[in-house]
Structure formats: structure tokens, C-alpha cells
Amino acid sequence: FKAAAGNPVFAGTGDSSDWDQRIRERGYILVENGVYHLWYTGYQTKPDAELHLGYATSPDGIHFTRYPDNPIFSDNWTEDIMVMKDGDRYVMFAEGRNDIAHWLTSEDRVHWTGHGNLDIRKMDGNPIEPGPYGTPTVWKEADQYYLFYERNDSAIWLAKSPDLTTWTN
């Protein structure tokens, strides 16, 4: 790989009055019908700044236009985003405050409904121990969803779910 000329291709505005003065961590791009859809985390450089979800599109993956009504989701701290198309809806997995993963759904890529923190269980059905579980990545095979997530920044865990509501390690 070689860095593209003109990097970065998308950055925070740099304006301290903007909600996305800075960009944080992992954003996510999904290409559909030749359009690059980017979800990203914006924040301001001030103490206790909240992290919110922004959206931008591009015809080429290089020149992005921010959605005019950003942030598109501010009900919950949202970073380390991952989005998948699942039937007629979009499903987002993200890390929230204190590195706790949560999930959201949308019919149009812009208006998101939060469904709370991921419910991850041990094989015996009991919840996993309290503590951080973030940086979620999900894929679907047949009728099963698989989740990679991190615990305490020390290991990668795998859980599965038939319906996205309860996950089993």
C-alpha cells in the first residue's frame, strides 16, 4: 500500500465551534450502487467531550460531503463503528462510553435507533463479567451472526447469535 496524495481524504473541521472539530478512531465505509457511505465519530477538543455519529457520502471514496443535519445520532457515545446491510435494514455495531459495545438499526443509513448494549453471555447462559467489551465487528453466515470483540484491550473474543439480541461466547 502507498499513501494517497492529498491525505487525509476526510478529517475533522478543525473549527472549535463544530461538533466534529476532530475525528476519532475507526469510521466505516459501505459502498452501495457506486456511492461511498461513511459513518464517523466526531468530537470537540474540550474536557468531557461527547462522541457523536456523523455521516458523509462520496462518489469516488476520496471527495466526501458531510450530511447537512449531522450529527445523525447523539443519544449515546458512539465510536469504533461497523455497519452491515442485513436484508432491508442497516445494522451498526459501535463502542460506547467505557468501551461497552452497543447496536443500532436504520432503514435509510441516516436515522438510527439504538437498541442498547450488546447482551453477551457465557456458554452457561450467565452474562459475561463486568468490564469493557468493545471494538465490535460482526458478519453473518447463513442464519448466524458472529461477533469479534475485545475485552480489556488484551484479547479478541468470539460470540454468536441467531437474532442479534443475545450473544453466546
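The values are calculated or read from the model by the stated rules, or taken from the named source; none is laboratory data. Keep in mind that this is a model prediction, so the values were computed, not measured. Positions of Cβ are backbone-derived with ideal geometry, glycine not excepted, and every protein chain shown enters the neighbour counts. Quick note on the areas: whole protein, heavy atoms, side chains included, nothing else; ligands and nucleic acids left out. Shrake-Rupley method; radii C 1.70, N 1.55, O 1.52, S 1.80 Å.
Here are some notes:
- Hits in the range 72-99 (condition: open to solvent by 20 Å² or more (accessible area, probe 1.4 Å) and among the β-branched types (Val, Ile, Thr)): Ile72
- In the range 122-134, the residues that are open to solvent by less than 40 Å² (accessible area, probe 1.4 Å) and part of a strand (DSSP E or B): Tyr133, Gly134
- Scanning the range 100-121 for residues that are outside any loop (DSSP other than H, G, I, E, B) and open to solvent by 30 Å² or more (accessible area, probe 1.4 Å) yields Ile100, Thr113, Gly114, His115, Gly116, Asn117, Asp119, Arg121.
- Scanning the range 16-43 for residues that are outside any strand (DSSP E or B), under 20 Å from Ser74 (Cα atoms) and open to solvent by less than 70 Å² (accessible area, probe 1.4 Å) yields Asp18, Trp19, Asp20, Gln21.
- Near pairs, Cβ below 8 angstrom, 6+ apart or cross-chain, from the range 143-164 (part of a loop (DSSP other than H, G, I, E, B)) to any residue that is surrounded by fewer than 12 Cβ atoms within 10 Å (Cβ to Cβ) and polar (S, T, N, Q): Pro162/Gln144
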